[in-house]
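Data first, discussion second: the structure below is written as structure tokens.
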Amino acid sequence: MTAPATPSGPAPAAAPGPGPGPDAAEATPGLPRAEIGVIGGSGFYSFLTGAQRVSVDTPFGAPSDDLVVGRLGDRDVAFIARHGHDHRFPPHRVNYRANLWALRSLGVRQVVSPCAVGGLRPHLGPGTVVIPDQVVDRTWGREHTVYGEVGAVVHVGFADPYCPAGRAAAAAAATAMGANHQGSGTLVVVNGPRFSSRAESLWHQGQGWDIVGMTAMPEAAIARELAMCFTTVALVTDLDAGVEHGDGVTHSDVLAVFADNVPRFKALIADIVGRLPATEPDGTATCGCRRSLDGRTLPFPLP
Ligand SMILES: [Zn+2]
């Protein structure tokens, strides 16, 4: 839905693709290689050394922006600004498929995805970091799958949407930093760009869900469809309207809290990257995220 160029998937391979091949993860020829991807707000790449901008095209159209590839410690990292460097794309217009396909094209197999959320519980106030283990998708009208065409039908498991190794790394980093954090929780994703009504907030809260955001889906599902490890790290910027007793959340409130917390949050994300396990080769990967396509016949080969 981002552009007319995106309605169809990649051209089918001459023969059904075998899925991730037996070889180690490799970048598409001509592109720099990275093992870890970060999808976040602009500015994170100030942590990268030797950063270079890379333009990547995908079968789903252009990503939100050029990717920035560089070194972070001893890891090769690719960063992409989810909303574009000038924050052009509202949550429902982000080309999630292109962003993840582009990262995979560089060899990325582990993704860390920071985002801003509202807290649905009084103890999850502004500044709290939540590492969700579950997600509820209430978005609609978004291009939500890379397997959307008639042909080979691909269902991937999504019972546990987030990478256990990535979540463990995130929790360890948050603990080491002394960050006020919660190592699990359910993230409900709404379509936006408006915030929730009080009734919606109370409903979300009543379901036992913890935080609410606008970008985490279909991002997590598409990562799973591309057999990539994916970890969301959420920064609470407000108590959602139905939970707090004021006039409800405003965009300026969110921006102010976000600005206050961004330096520490960025440092946290950088520390998480350094704590991720070594990236396993495609053919012998043991993390379940990486085995999501085992036994499936794909309509096209993955990059
Ligand atoms: Zn994983």
ask   = Using beta carbons and a limit of 7 Å, which pairs, at least six apart or on different chains, have the first residue in region 155-172 and within 18 Å of Leu268 (Cα to Cα) and the second one surrounded by fewer than 19 Cβ atoms within 10 Å (Cβ to Cβ) and at pLDDT below 95?
value = none
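Condition check ((1) part of a loop (DSSP other than H, G, I, E, B); (2) within 30 Å of Phe300 (Cα to Cα); (3) in contact (Cβ under 8 Å) with a residue 24 or more places away in the chain) across all residues:
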| site | (1), (2), (3) |
| --- | --- |
| Arg53 | no, yes, no |
| Gly70 | no, yes, yes |
| Ile80 | no, yes, yes |
| His87 | yes, no, yes |
note = Residue hits (region 153-169; outside any loop (DSSP other than H, G, I, E, B) and either under 16 Å from Leu226 (Cβ atoms) or away from the ligand (no atom under 12 Å from the Cβ) (or both)) are Gly166
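Could you tell me which residue of region 237-252 is nearest to the ligand (Cβ to nearest atom), considering only residues that are of a type outside the set (Gly, Ala, Ser) and either under 22 Å from the mean Cα position of the chain (by Cα) or modelled with pLDDT of 75 or more (or both)?
Here is the first cut: in region 237-252, the residues of a type outside the set (Gly, Ala, Ser) are 237-240, 243-245, 247, 249-251.
Filter again for either under 22 Å from the mean Cα position of the chain (by Cα) or modelled with pLDDT of 75 or more (or both), leaving 237-240, 250-251.
Values: Thr237: 27, Asp238: 30, Leu239: 31, Asp240: 29, Thr250: 37, His251: 34 Å.
Ranking the candidates gives Thr237 first.
Name every residue in region 217-236 that is within 29 Å of Val146 (Cβ to Cβ) and away from the ligand (no atom under 16 Å from the Cβ), in order of residue number.
Scanning region 217-236 gives Met217, Pro218, Ala234, Leu235.
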inquiry  = Considering only region 188-208, I want to know if a residue exists there that is closer than 19 Å to Gly274 by Cα, in contact with a Gly (Cβ under 6 Å, 6 or more places away or on another chain) and at pLDDT 95 or above.
reply    = no
ask   = Has region 78-86 got any residue that is closer than 18 Å to Cys229 by Cβ, at pLDDT 95 or above and in contact with a Lys or Arg (Cβ under 6 Å, 6 or more places away or on another chain)?
value = no
message = Just the residues that are among the small types (Gly, Ala, Ser) and in contact (Cβ under 8 Å) with a residue 40 or more places away in the chain, please, taken from region 252-303.
response = Ala267, Ala270, Gly274, Gly283, Ala285, Gly288, Ser292
ask   = On the given criteria, is Arg104 of a type in the set (Lys, Arg), in contact with a Leu (Cβ under 8 Å, 6 or more places away or on another chain), more than 28 Å from Ser196 (Cβ to Cβ) and within 16 Å of the ligand (Cβ to nearest atom)?
value = yes
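Within region 258-303, count every residue that is part of a helix (DSSP H, G or I) and out of contact with any Lys or Arg (no Cβ under 8 Å at 6 or more places or on another chain).
Narrowing region 258-303 to residues part of a helix (DSSP H, G or I): 258-275, 282-284, 288-291.
So of that shortlist, the ones also out of contact with any Lys or Arg (no Cβ under 8 Å at 6 or more places or on another chain) come out as 258-272, 275, 283-284, 288, 291.
So the answer is 20.
Among Arg109, Arg93, which is crowded, with 24+ Cβ neighbours inside 10 Å and in contact with a Lys or Arg (Cβ under 9 Å, 6 or more places away or on another chain)?
That would be Arg109, the only listed residue that is crowded, with 24+ Cβ neighbours inside 10 Å and in contact with a Lys or Arg (Cβ under 9 Å, 6 or more places away or on another chain).
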key: Residue match in region 166-183 (condition: modelled with pLDDT under 95, of a type in the set (A, V, I, L, M, F, W, C), in contact with a Gly (Cβ under 8 Å, 6 or more places away or on another chain) and closer than 22 Å to Gly40 by Cβ)   = no
query = Do we find that Asp66 is in contact with a helix residue (DSSP H, G or I) (Cβ under 9 Å, 6 or more places away or on another chain) and either among the charged types (D, E, K, R) or without any contact (Cβ under 8 Å) to a residue 12 or more places away in the chain (or both) in this structure?
reply = no
ask   = Given (1) within 16 Å of the ligand (Cβ to nearest atom); (2) under 22 Å from Gly192 (Cβ atoms); (3) hydrophobic (A, V, I, L, M, F, W, C), where does Ala285 come up short, assuming only one miss?
value = (2)
inquiry  = Tell me whether region 270-281 contains one or more residues that are within 16 Å of the ligand (Cβ to nearest atom), farther than 13 Å from Ala116 by Cα, crowded, with 20+ Cβ neighbours inside 10 Å and of a type in the set (Lys, Arg).
reply    = no
Residues satisfying the stated conditions in region 288-303, i.e. away from the ligand (no atom under 14 Å from the Cβ) and in contact with a helix residue (DSSP H, G or I) (Cβ under 8 Å, 6 or more places away or on another chain) = Leu302, Pro303
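The values are calculated or read from the model by the stated rules, or taken from the named source; none is laboratory data. Computed from a predicted model, the values in this text were never measured in an experiment. So basically every Cβ, Gly included, is an ideal-geometry build from the backbone, and we count neighbours across all protein chains shown.
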